[in-house]
Amino acid sequence: QLQAYGGGLVQHGGSLRLSCAASGSIFGIKFRAWYRQAPGKQRELVAEITSRGSTDYADSVAGRFTISRDNVKNMVYLQMNSLEPEDTAVYYCRVNTALLDYWGQGTQVTVSS
């Protein structure tokens with residue numbers, strides 16, 4: 001039900017914008033988030049935005065990444081600036097409600113040095 005897109009290959013210092021679209025209506029959203037998983041590593045939280053608009057970021061991306069949402073379009077975005085090779089990973093979006101937890105299929109981000 002979630003479709004993440006916008007990944008790709010970018011040079012060190014470059015930018016990408018990830019998008020996550022819901023194919024249908026999702027009610028009672030508590031928060032939306034982006035996670036990432038690098039090869040050989042556990043999936044980690046990158047950024048989160050609550051239903052009230054409060055945001056939180058992993059220390060490694062704070063100041064470089066920005067999470068935002070469009071409630072009308074039912075979208076969540078991740079603007080990634082000043083990308084580093086360490087940001088290379090598969091990025092997943094997540095939408096959490098009181099009853100269900102939705103995950104998108106991942107989109108690959110590769111940052112070349």
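The values are calculated or read from the model by the stated rules, or taken from the named source; none is laboratory data. Here the structure is a predicted model, which is why all the values come from computation and not from measurement. Because the Cβ atoms are built from the backbone with ideal geometry, glycine has one as well, and the counts that use them run over all protein chains shown. Heads up: the accessible areas ignore ligands, DNA and RNA and are worked out on the full protein's heavy atoms, side chains in. Shrake-Rupley method; radii C 1.70, N 1.55, O 1.52, S 1.80 Å.
Around ARG43, with a cut-off of 13 angstrom between Cβ atoms, what is the net charge of the other residues, counting Lys and Arg +1 and Asp and Glu -1? Please list the in-between numbers first.
Values: positive: ARG36, LYS41, ARG94; negative: GLU44.
That works out to +2.
Suppose the chain between THR110 and ARG52 were pulled fully straight at 0.36 nm per residue; how much longer would it get relative to their current alpha carbon spacing?
Working: separation 58, 0.36 × 58 = 20.88 nm, distance 3.16 nm.
Additional length available on full extension: 17.7 nm.
For THR110, what charge total do you get from the other residues with a beta carbon under 14 Å from its beta carbon, if Lys and Arg give +1 and Asp and Glu give -1?
Values: positive: ARG36; negative: GLU84, GLU86, ASP87.
Cβ neighbours under 14 Å give a net charge of -2.
If you take every DSSP beta bridge whose two residues both sit in the chain, what share of them, in percent to the nearest 5, is antiparallel? Please list the in-between numbers first.
Values: 39 of 45 bridges.
Within the chain, antiparallel bridges account for around 85 percent of the total.
Report the full-extension gain for the segment GLN3 to ASP59: residue separation times 0.36 nm, less the Cα-Cα distance, to one decimal in nm. Let's see the in-between values first.
On the way: separation 56, 0.36 × 56 = 20.16 nm, distance 2.59 nm.
Difference between extended and current length: 17.6 nm.
Of the heavy-atom accessible surface of the chain (probe 1.4 angstrom), what whole percent is carbon and sulfur?
Details: 2900 of 6100 Å².
That share works out to 47 percent.
Would you mind getting the Kirkwood hydrodynamic radius of region 10-113 from its Cα pairs, rounded to one decimal in Å? Walk me through the numbers on the way to the answer.
Values: mean 1/r = 0.0718 Å⁻¹.
Here the Kirkwood hydrodynamic radius works out to 13.9 Å.
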Practice item. Compute the separation of the alpha-carbon centres of region 5-39 and region 73-98 and state it in Å as a whole number. Key: 3
Practice item. At 1.4 Å probe size, with every protein chain present, just tell me what the per residue accessible area of the chain comes to in Å². Key: 54
